[in-house]
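Colleague: Below is one structure. I have some questions about it.
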Amino acid sequence: MSRIKSAFENGKAFIAFITCGDPDIATTAACVREAVRNGADLIELGIPFSDPTAEGPVIQGANIRALAGGVKTKDVFELVRELRKDVTVPMVFMTYANVVFSYGAEKFIGTCEEIGIDGLILPDLPYEEKDEFQPICKAHGVDLISLIAPTSENRIGMIAKEAEGFIYLVSSLGVTGERTKITTDLSAIVSHIRSVTTVPVAIGFGISTPEQGAAMAKISDGAIVGSAIVKIVEKYGKDAAPHVGEYVKSMKDALRTL
């Protein structure tokens, strides 16, 4: 049984994304702990991959730096083992199907269960192909998180009906990255999702300011932020943790007003 549900039990959830190993594993650990200390309800850990197709330039850059620093999947597993000594909030991996395949799906997902990872987000895994991982995830109590995009259209209900953990609603077309304005009619998509499932919906892609976070969380169950946090890490390097904590606090405070 994953912990993911607990992230949505105390008001609107703030979900923080951090690329593992940028600039190094120790900094990632410090940033995660500061994010949690300052109110992050769920942590998404990005496992570096050489071709992160869903990511914009900011997170792509973090992947390149982490890989250049020699970070491997096994190092990320060790990081989570270490974090789980004191971090109790839900944690999920965001990576690509190829990472799981090359490691061995059974071994990868089995290790997720062992170290306390609650869910898995694979943005390049089409809904129609999720059966390649779903049974293994189920056997190990790891939620396979579904993504719904504005282009999902007539598949929204179908995807939502089988969703588990939480639904990652992509705010707009394109890759991850900060946006000045989000114009998609997300409230209509959320209404559609809620008509078929009680699984929480969190909105991500393009959120960077407390105002944007509050606006997105107002119509859903939470907001996901990645690029804005990764940018802070890029700017401050090994000294990023307190700055990440400060940013997370500003975002979570905005969500507490709802």
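Colleague: Principal axis lengths of segment 25-68 from Cα atoms, whole Å, largest first?
Modeller: Extents along the principal axes: 31, 21, 14 Å.
Colleague: Using only the alpha-carbon atoms of segment 139-258 as identical scatterers, what base-10 log of I(q)/I(0) does the Debye formula give at q = 0.11, 0.12 Å⁻¹?
Modeller: The computed values of log10 I(q)/I(0) come out as -0.40, -0.47.
Colleague: Of Phe77, Phe93, Phe205, which has the largest mean-square fluctuation in a 10 Å C-alpha GNM of the chain?
Modeller: Between Phe77, Phe93, Phe205, it is Phe77 that shows the largest mean-square fluctuation.
Colleague: Now for a different question. What three numbers, in Å, describe the spread of the alpha carbons of segment 98-149 along their principal axes, ordered from the longest?
Modeller: Reported extents, whole Å, longest axis first: 31, 21, 16.
Colleague: Using just the Cα positions, wrap the chain in a convex hull and report its mean projected area in square nanometres, one decimal place.
Modeller: Value for the chain: 11.8 nm².
Colleague: Oh, and also: On a 27 Å Cα-Cα criterion, which of the cross-link pairs Lys74/Lys252; Lys107/Lys218; Lys138/Lys218; Lys130/Lys252; Lys5/Lys138; Lys72/Lys235 come out too long?
Modeller: Among Lys74/Lys252; Lys107/Lys218; Lys138/Lys218; Lys130/Lys252; Lys5/Lys138; Lys72/Lys235, the Cα-Cα distance tops 27 Å for Lys74/Lys252; Lys107/Lys218; Lys138/Lys218; Lys130/Lys252.
Colleague: Under 10 Å, Cα contacts only: if you run a Gaussian network model on the chain, which one of Pro126, Pro150, Pro90 comes out with the highest mean-square fluctuation?
Modeller: Highest fluctuation among the options: Pro126.
Colleague: Same structure, new question: Would you mind calculating the relative contact order of the chain from Cα pairs under 8 angstrom and at least 6 residues apart, reporting the percent as a whole number?
Modeller: It comes to 26 percent, rounded to a whole number.
Colleague: Another question, if that's okay. Arg81 label point, 7 Å along Cα→Cβ, cut-off 16 Å on backbone N: hits in segment 93-107?
Modeller: Residues passing the 16 Å test: 107.
Colleague: Using Cα springs under 10 Å in a Gaussian network model of the chain, which residue among Glu164, Glu153, Glu44 shows the largest mean-square fluctuation?
Modeller: Glu153
Quick note: the coordinates plus some simple rules give every number you see, no bench work behind them. All figures in this text were calculated on a predicted structure; none of them were measured in a lab. Positions of Cβ are generated from backbone atoms using ideal geometry, with glycine treated the same way; all protein chains shown enter the neighbour counts.
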